[in-house]
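**Student:** What follows is a single structure, and I will ask about it in a moment.
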């Protein structure tokens, strides 16, 4: 049976009869979400601004936390982040889940399995820690914009959480890192923190989408 967004034809007819209708956002399958607040850290010049559509623009941040983006409205989410690295080098894009504006830092609760592809070389590793990996950021002084897109499954449910993300950088070697992770605490989280390793900082844009019907 053909569906329209999350609605089957029967559900569409029912929505017409009860005087309501599926929104344009729902038809697209994803809803861009606005955080209730944003917390950032840096060396003193860091900034973050929530745009009119709900994305967050940030600059010179060593960490950025989005609060209130996960809720009972959706089970699964897509996170898209574009980044401009402050200096030459690279850092993992770390992730921690967050509830009531507090990061979960329980020892050995995050497990990340990652694969690197660089030319004909492929390597991988598994890391168990109090922080997870969502990707890897590489850049040059003056900056090149890279990207990281991933899915996070069930963060607001009272069960362990999983994620999968792939990133690439615009450097000439087209480095790719694919990260899959789990967090073993059966806790409902309403936000997350991205961070990079000192002395690096990142500038960019992050957007969180609720996946309709997922």
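**Student:** According to the Cα gyration tensor, what semi-axes, each the square root of 5 times an eigenvalue, does the equivalent ellipsoid of the stretch 38-104 have, listed from largest to smallest in whole Å?
**Tutor:** Gyration-tensor ellipsoid for the stretch 38-104: 22, 14, 13 Å.
**Student:** Please give, to one decimal in nm, the separation of the simple spin-label points placed at residue 197 and residue 151, each 7 Å out from Cα toward the Cβ.
**Tutor:** About 3.0 nm separates the two model spin labels.
**Student:** At q = 0.13, 0.20 Å⁻¹, what is the base-10 log of I(q)/I(0) for the stretch 34-211 according to the Debye formula with one equal point scatterer per Cα and no solvent? Please give it to two decimals.
**Tutor:** Calculated log10 I(q)/I(0) at the listed q: -0.60, -1.44.
Every read-out reported here was derived from the displayed coordinates using simple, explicitly stated rules and does not represent laboratory data. None of these values were measured; they are calculated from a predicted model. No Cβ is skipped: glycine too gets one built from the backbone with ideal geometry, and neighbour counts run over all protein chains shown.
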